[in-house]
Structure formats: structure tokens, C-alpha cells
Amino acid sequence: VPLSPLLLVIAAVFEGVGGLLVLLGVKVRLGAFLLLLFLIPTTVVLHPFWMLQGAERDLQMIMAMKNLSIIGGLLLLLAYGGGASKAARSE
């Protein structure tokens, strides 16, 4: 891939910033969105189990299903945000 160094930097920024936002509970929806932008294409490109056979197919399917599980959790964070509202925390 000719642009791989640039793509690597972009991926690292999305993962780092998105992960920190979710971990710290600040702008959780933005963090989940950044992680989704990273994880969806990564899953499709790096885990093409539909093109493989045997043990390699099984391994790549497990990795793709793991990523799909994470995507599901991120979609929940995107839909509902993270944790209690500020009003609930102040009581």
C-alpha cells in the first residue's frame, strides 16, 4: 500500500484519541465514533475469512467476530453515551 505510513498515523490517532475519550468518559460518543471509523474498515480489510480455507479461515473468522462484538459495544456507546448524566451524578 503506497500510503501505508500516512494510514498508520491516521489509524494511531483514531485509536488513541477515541480510546482515551471512551476510557476517560469525556465525549464518549465522539470516541466511539472515531473507534468505529477505525475498526470497520480494519475488520473488512485485515480479516477476509471468506477468501480463506482451513485453519487460517477459522482464525480470521474468530478475529472478525471479535471485532464485530467490539463494534456492537461501540454502537451502544454511540447510541446511549456513557454512564449517568451529570444531573444524576450530582445527587
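The helices (runs of 4 or more DSSP H) located wholly in the chain that include 2 or more residues which are of a type in the set (D, E, K, R) occupy 54-80, 86-90. Contact annotation: residue pairs with Cβ atoms under 6 Å, 6 or more positions apart or on different chains, pairing a residue in segment 37-52 that is farther than 16 Å from Ile10 by Cβ with a partner that is of a type in the set (Gly, Ala, Ser), are Thr43/Ala64; His47/Ala64; Phe49/Ala64.
Scanning segment 1-35 for residues that are touching a residue at least 12 places away in the same chain (Cβ under 8 Å) and open to solvent by less than 40 Å² (accessible area, probe 1.4 Å) yields Ala11, Gly18, Gly19, Leu21, Val28, Gly31, Ala32, Leu34, Leu35.
The values are calculated or read from the model by the stated rules, or taken from the named source; none is laboratory data. Not measured: the values here are computed from a predicted model. Reconstructed Cβ throughout: ideal geometry from the backbone, glycine too, with neighbour counts over all protein chains shown. Note: accessible area is taken over every heavy atom of the protein model, side chains too, but ligands, DNA and RNA are not part of it. Shrake-Rupley method; radii C 1.70, N 1.55, O 1.52, S 1.80 Å.
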